[in-house]
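Report on one structure; see the data block that follows.
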Amino acid sequence: MTDDKNPSATDAFHSPVVDRVRNDPEPNRWILPRGELVLPRVFGFCRGVKRALALAARATDEHARRVAPGRLVLLGEIIHNPWVNAYFQNRGVTILTRPQRQDVEEHVTSEDCAIIPAFGVPLPIERRLRDIGCQIVDCTCGDVRRLWTWSEQAARDGYGVIVFGRSEHDETVVTKSRLTEAGGVYLVLETLPQVETFGTMLRNGVRDAEFQASFSPSTTNAESMKAFETLAQVSQTTMLYHHTQRVREILTAAYSARFGETAAERLRFQPTVCRATQDRQDAAVELCQSRCDLVIVVGGFGSSNTRHLHELARRYAPAYLIENAEAIQSAEQLQAYNRQADAAETIRDWLPNKRPLHVGLLAGASSPEIVIGQVLQRLAEFLTH
Ligand code: SF4
């Protein structure tokens, strides 16, 4: 569960602009001469992110006070937000890339302090850190740990595990490694069409060679469909909640068609999309269903929960995902996320001419308020004169 009333871990991420809008006579609504900027009832940092940043900030504070030869080393991005990662880098923290993490002994010594990000690290790397003998600050979110515990138990009970998520997302990379360590078999399905395909293959039966050709080694360690005749299903904690419900329906229908009355005892489901993700998705839909001529989503392009907010918003209004206020170059030009390219692209004429203009602003669980506040201020310039 999240507690969104708790203050942020560190003042560095706060924004007086957001505080003012949040506490306005009309909460979360900034009324301007030529329109309004509206925030959802829940946005920004979740409890897991606040905790991770508090632990990392405390480690950097302690390190700054101490005269010690060791360094602070983050085993990957602390969360998926460029502003936050740059903040820690500017405070002397070294962030390892994934290949560098594989050579952890090259980059971490016994005198260093290793910080484990909110998504965790694979178990073998955790063990190697202990062997190195460095100080370890573990920022792994409890909701992510709960997903691992449940799926590892299911794997030990002999269930093949379907993970609905992005195979290369940091959290799912660790989930795969943990399941392998538990002696389990997994398959990562990234989209609903992939789940449909899996369901069809299960119904119709499939040769081992076809199964192996259909799923790459980065998504499964199984050799055949047989491994999934009993199935446990989890979702990456930041997936779209209504998609995970659909996954359950598709799998239930496929297993019923294939196994009839024994289908129920072959299936285990665990709702692992975290409460913070669900809350932000629900609040985003409420906001988008109200009067929005335009929606701006603020957050890192690598943030799964932020990208899903963008996906939701696009159903209701023109919606753009941007990383910071600098992305708003002018009323004519915006640097926004392009899904196909997985990078920023220039959007022209993004700002509608209509006045008064109603602009919704969404922010994922990894988006710091300081950046949200800067975006609010930048948008307000267009609705003031
Ligand atoms: S979004 Fe959910 S899983 Fe991720 S850090 Fe926040 S509470 Fe934890």
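Considering only the Cα atoms of the chain, their convex hull presents on average a projected area of 20.5 nm². Rounded to whole numbers, the Karplus 3J(HN,Hα) couplings from phi for region 132-141 are 5, x, 7, 6, 10, 10, 9, 9, 4, 6 Hz, using 6.51 cos²θ - 1.76 cosθ + 1.60 with θ = phi - 60°, and x at Gly and Pro.
Using only the Cα atoms, what convex hull volume per residue in Å³ does region 274-377 have? Before the final figure, lay out each step's value.
Values: hull volume 9.8 nm³, N = 104.
Each residue corresponds to 94 Å³ of Cα convex hull volume.
Exposure proxy ranking for HIS385, HIS310, HIS358, based on other Cβ atoms within 10 angstrom of each Cβ and starting from the fewest, stands as HIS385, HIS358, HIS310.
Neighbour counts of C-beta atoms inside 10 Å place MET239, MET201, MET225 in the sequence MET201, MET225, MET239, starting with the fewest.
Computed from the Cβ-Cβ distance with R0 of 35 Å, the FRET efficiency linking GLU249 to GLN333 stands at 0.25. The HN-Hα couplings worked out from phi for region 162-178 by the Karplus form 6.51 cos²θ - 1.76 cosθ + 1.60 (θ = phi - 60°) are 9, 9, 8, x, 8, 4, 9, 5, 3, 4, 6, 4, 6, 4, 4, 5, 5 Hz, whole numbers, x standing for Gly and Pro. With neighbour counts taken as other beta-carbon atoms within 10 Å, the residues VAL161, VAL173 rank, fewest first, as VAL173, VAL161.
Measuring between their Cα centroids, region 269-338 and region 52-124 lie 28 Å from each other.
Averaging 1/r across all pairs of distinct Cα atoms in region 47-141 and inverting the result yields a Kirkwood radius of 13.1 Å.
What number does region 143-269 give for Rg over Rh if you use C-alpha atoms and the Kirkwood radius? Reported Rg/Rh, Kirkwood definition of Rh: 0.92. For GLY184, the amide hydrogen comes within under 5 Å of no other amide hydrogen, counting only partners 5 or more places away or on other chains and with H modelled in the peptide plane.
Any read-out appearing in this document is the output of simple, stated calculations on the displayed coordinates, not a laboratory observation. Just so it is clear, the structure is predicted and the values come from calculations on it, not from any experiment. We place every Cβ from the backbone using ideal geometry, glycine too, and count neighbours over all the protein chains shown.
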